[in-house]
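Below is one structure, written out as structure tokens, with a few remarks after it.
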Protein chains: 4
Amino acid sequence: MSPGTAPPVVPRGGGREAITRAARESFAERGYHGTSIRDIARGAGLSLSALYHWHAGKQDLLAAVIEESTAEYFGRCDEALREAGDDPAARLGALVRATVEYRVSRQVESTIAASEWRNLEPAHRERLAEMRSAASRLWADLVDDGVARGVFRCEHPDDARRAVIASCNAIAQWFEPDGGLGVPELVERYTAIARRIVDCR
Amino acid sequence: MSPGTAPPVVPRGGGREAITRAARESFAERGYHGTSIRDIARGAGLSLSALYHWHAGKQDLLAAVIEESTAEYFGRCDEALREAGDDPAARLGALVRATVEYRVSRQVESTIAASEWRNLEPAHRERLAEMRSAASRLWADLVDDGVARGVFRCEHPDDARRAVIASCNAIAQWFEPDGGLGVPELVERYTAIARRIVDCR
Amino acid sequence: MSPGTAPPVVPRGGGREAITRAARESFAERGYHGTSIRDIARGAGLSLSALYHWHAGKQDLLAAVIEESTAEYFGRCDEALREAGDDPAARLGALVRATVEYRVSRQVESTIAASEWRNLEPAHRERLAEMRSAASRLWADLVDDGVARGVFRCEHPDDARRAVIASCNAIAQWFEPDGGLGVPELVERYTAIARRIVDCR
Amino acid sequence: MSPGTAPPVVPRGGGREAITRAARESFAERGYHGTSIRDIARGAGLSLSALYHWHAGKQDLLAAVIEESTAEYFGRCDEALREAGDDPAARLGALVRATVEYRVSRQVESTIAASEWRNLEPAHRERLAEMRSAASRLWADLVDDGVARGVFRCEHPDDARRAVIASCNAIAQWFEPDGGLGVPELVERYTAIARRIVDCR
DNA sequence: AATGAATGAGGCTTCATTCAT
DNA sequence: GATGAATGAAGCCTCATTCAT
């Protein structure tokens, strides 16, 4: 919520969602430590106390936001892979598409999981670590499989995988929604880049 | 500075450097807002007042750290390019090497410039923007030149450039200094990836 | 509530008693300011709103607890004295017994009236002051009478009275219910002490 | 510090003492939980931050106040006993005098150690427990010795000891400094009471 | 060149209480 | 007879900074 913007009117009982949304936006724009819970409450159009009625605290909000974001990404990947069938190239395209679309549709918030991970307290970190590595494994399995089957010819699968992911993730940092570049075109470009990175025949 | 570590003994007159170094480490580990000026003073082994003797304040320290970091990167790039001659492929390798080496040798601090940029006050941001775009231009000129001369055959030079940079930058997030992977080998791998991304013949 | 209006008749139900009991326990264990109204509601197994349905607020609860506690003590004293007859020594024994038994049977709560008295708002304090001094007068009358009749030979009745009361009250601070010391034996010991304090012939 | 009283002007560097004194007064008058650190800072004539410059927090202040109070009492007892020589009756008089004088001269604060003990966090409680039981042992040794030597003929030394202590301690609750009753006279009265309690021949 | 003392603003959180149902 | 939702005030504490030496 940019300063000066009128806070939304929250329907009675709708506090939890309003607060989570406001937290997501603030954490994305100003970071965890740069966000005060007053910012969040104001952004949600509620009082400070209402925030504590719905969440245990700031840390709890961060965990909720990261969890939701990670879950959504994981869900998109999972679904894309299910539709993609068995072909490594198609599966690569599916994950690239899921990642690009996620990064574009959640442009601001999608970086929270990565950049604010360090601010999670151990208890939350441990709980979310599994979700995180599950998403990571999707990529690893895919690339390893492609290499094993001779479809991807890159010599260093781990580095290739990281390069593809980093390339896709970076989109959130420069993409302009109204900049004349459509998402399908974007997906196509990064699929091509990804195929070159893994040296897909 | 990890908790429990004895603060270094600062030689008389060496305050400025000790403080900048401590600020760099704290900003890297905990972020700008996650770092207190007392953390920095403690990390430098100096009093709070000493910090203010050498620097105008926290914001000033952030600007100094980002400036120094950007300048170093820019210097490395510049030098590498000068040694590389005129060949686009060689020049690409030079920038990749400069970036990888920078990211590995300044593993923690190298992300400050990117992640804490938003916390710079306008005055500092404007001043540093030029340095920033100069480094960015080195990459753009290089890729555009390679494409213009037909050495790089990628269709979308901007995306290729961003992918290469993102891939190299990401190294700082996973590299383990004592992990058995040497820097020259790392440079070689990412040079190969970069060449594939730009589709270097 | 407008002045002069009769307080609403509270329908009987389990809530009121459960809340009073929880308040008594919390005030005893953590003190008035150390107890939150949520502690009380939780201790009673009811919601916050239920608490406010039965009581006007925290202050009201404190007054109720102190009133009940004082009334019980006063009742015990009164009854014991009625049974004791006219002999000063017997009357002294009766009050000691009432006090000791009260302090032992209400070990935790019996101190609330004394230690939280200062937290009563003036309105409540004035109302309860009479009960308080009535109990105090029982002791004073007894000792003064014993002295007047030459049965107690202590020179300073006021100090003797205070010493006896303080000695009995202190029992609540150290007595262990399962510690092998029975209440009758305890009463006997403190009766003896009390008689020596007033110098009963 | 009563409300409305002008806070004292604190000489530069004298913050620590001013704050400890203000804490002592507030804890005594309103209890630990009833005292806010703003009360303390205001009472000391300093800012909130100055309080934290000198003490780690509210809990730290409580521990400091209790420690100082206990130490002073212990010191008074120790000195009084040293002057008293070997005679049990004289030693009893010495401890009574030390206790009475302490309770009168530190009328308000002397109860903090007892009433706020439960609000000490375990770390502090453990640290101070030894001081506490040392003072307690002075009394126990004295009474046991008197009984062993046949000077005190009470049958239950533990109860006698507790009664004497409770009687002396209670003085702080009713004594009025300008009430016409001098401290020497007070000491004499309670010494007599104590002797009767232990049944000193 | 450096320090300890002090500050006002703001941090997160809990408080007792009221509202609408 | 009872509840979940919401609030404003106040709680303790840490912040970046300045002052006097």
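The values are calculated or read from the model by the stated rules, or taken from the named source; none is laboratory data. Note that the structure is a prediction, hence the values are computed from the model and not measured. Cβ placement follows ideal geometry from the backbone for every residue including glycine, while neighbour counts extend to all protein chains displayed.
This table checks each residue for (1) more than 16 Å from DNA strand E (Cβ to nearest atom); (2) closer than 17 Å to D:VAL108 by Cα; (3) of a type in the set (D, E, K, R).
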site	(1), (2), (3)
D:HIS33	no, yes, no
D:ILE37	no, no, no
D:GLY57	no, no, no
D:GLU68	yes, yes, yes
D:GLU72	yes, yes, yes
D:ARG76	yes, no, yes
D:ALA80	yes, no, no
D:LEU95	yes, no, no
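Within segment C:118-143, which residues are buried (at least 16 other Cβ atoms within 10 Å of the Cβ), within 14 Å of another protein chain (Cβ to nearest Cβ) and not β-branched (Val, Ile, Thr)?
C:ASN119, C:LEU120, C:ARG132, C:TRP139
Only one residue in D:ALA89, D:ALA63, D:ALA71 is away from DNA strand F (no atom under 16 Å from the Cβ), modelled with pLDDT of 95 or more and of a type in the set (Gly, Ala, Ser), so which one is that?
Criteria check complete, one pass: D:ALA89.
Specify the residue that is nearest to the chain's Cα centre (by Cα); the eligible residues are those in segment D:173-189 that are more than 8 Å from chain C (Cβ to nearest Cβ) and surrounded by 12 or more Cβ atoms within 10 Å (Cβ to Cβ).
So, considering only residues that are more than 8 Å from chain C (Cβ to nearest Cβ) and surrounded by 12 or more Cβ atoms within 10 Å (Cβ to Cβ), the one nearest to the chain's Cα centre (by Cα) is D:GLN173.
C:PRO11 is checked against (1) at pLDDT below 95; (2) of a type outside the set (Phe, Trp, Tyr); (3) crowded, with 17+ Cβ neighbours inside 10 Å and fails just one. What number does that condition carry?
Of the numbered conditions (1) at pLDDT below 95; (2) of a type outside the set (Phe, Trp, Tyr); (3) crowded, with 17+ Cβ neighbours inside 10 Å, the odd one out for C:PRO11 is (3).
Output the number of residues of segment C:18-45 satisfying the condition of being away from DNA strand F (no atom under 11 Å from the Cβ) and either at pLDDT below 80 or of a type in the set (D, E, K, R) (or both).
Number satisfying all stated conditions: 7.
Which of the residues spanning segment D:39-55 are of a type in the set (S, T, N, Q) and either touching a helix residue (DSSP H, G or I) at 6+ places or on another chain (Cβ under 8 Å) or more than 9 Å from DNA strand E (Cβ to nearest atom) (or both)?
D:SER47
If the requirement is being crowded, with 18+ Cβ neighbours inside 10 Å, farther than 28 Å from A:ALA192 by Cβ and within 14 Å of another protein chain (Cβ to nearest Cβ), which of these qualifies: B:ALA113, B:ALA192, B:ALA170, B:ALA160?
Selected residue: B:ALA113, the only one of B:ALA113, B:ALA192, B:ALA170, B:ALA160 that is crowded, with 18+ Cβ neighbours inside 10 Å, farther than 28 Å from A:ALA192 by Cβ and within 14 Å of another protein chain (Cβ to nearest Cβ).
Residue-wise test of (1) out of contact with any strand residue (DSSP E or B) (no Cβ under 6 Å at 6 or more places or on another chain); (2) of a type in the set (Val, Ile, Thr); (3) in the same structural domain as A:ASP158 (by TED's automatic domain parsing); (4) closer than 27 Å to A:GLY15 by Cα.
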{"site": "A:LEU48", "(1), (2), (3), (4)": "yes, no, no, yes"}
{"site": "A:TYR73", "(1), (2), (3), (4)": "yes, no, yes, yes"}
{"site": "A:ARG82", "(1), (2), (3), (4)": "yes, no, yes, no"}
{"site": "A:ALA89", "(1), (2), (3), (4)": "no, no, yes, no"}
{"site": "A:VAL96", "(1), (2), (3), (4)": "yes, yes, yes, no"}
{"site": "A:ARG106", "(1), (2), (3), (4)": "yes, no, yes, yes"}
{"site": "A:GLU121", "(1), (2), (3), (4)": "yes, no, yes, yes"}
{"site": "A:ARG127", "(1), (2), (3), (4)": "yes, no, yes, yes"}
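Given the condition among the aliphatic types (A, V, I, L, M), touching a helix residue (DSSP H, G or I) at 6+ places or on another chain (Cβ under 8 Å) and not in a helix (DSSP H, G or I), answer yes or no: does some residue in segment B:146-156 qualify?
Yes - at least one qualifying residue is present in segment B:146-156.
Search segment A:33-55 for residues that are over 30 Å from B:SER26 (Cα atoms) and pair each with any residue that is within 11 Å of DNA strand F (Cβ to nearest atom) and among the aromatic types (Phe, Trp, Tyr) when their beta-carbon atoms are under 8 Å apart and the residues are at least 6 apart or on different chains.
The qualifying pairs do not exist here.
Determine whether D:ILE165 is modelled with pLDDT of 95 or more and within 25 Å of D:ARG30 (Cα to Cα).
Taking the combined requirement at face value, the residue satisfies it.
Take the residues of segment D:43-87 that are more than 24 Å from D:CYS168 (Cβ to Cβ) and polar (S, T, N, Q): which is surrounded by the most Cβ atoms within 10 Å (Cβ to Cβ)?
D:GLN59
Quickly run through segment B:113-140 and pick out the residues that are in contact (Cβ under 8 Å) with a residue 60 or more places away in the chain and basic (Lys, Arg).
Result: B:ARG127, B:ARG132.
For B:GLY146, state whether it is away from every other protein chain (no Cβ under 11 Å), buried (at least 17 other Cβ atoms within 10 Å of the Cβ) and closer than 22 Å to A:ALA160 by Cβ.
yes
Give segment C:148-201 a look and list any residue that's among the aliphatic types (A, V, I, L, M), within 23 Å of D:TRP174 (Cα to Cα) and without any contact (Cβ under 8 Å) to a residue 40 or more places away in the chain, or say none.
C:ALA160, C:ALA163, C:ALA166, C:ALA170, C:ILE193
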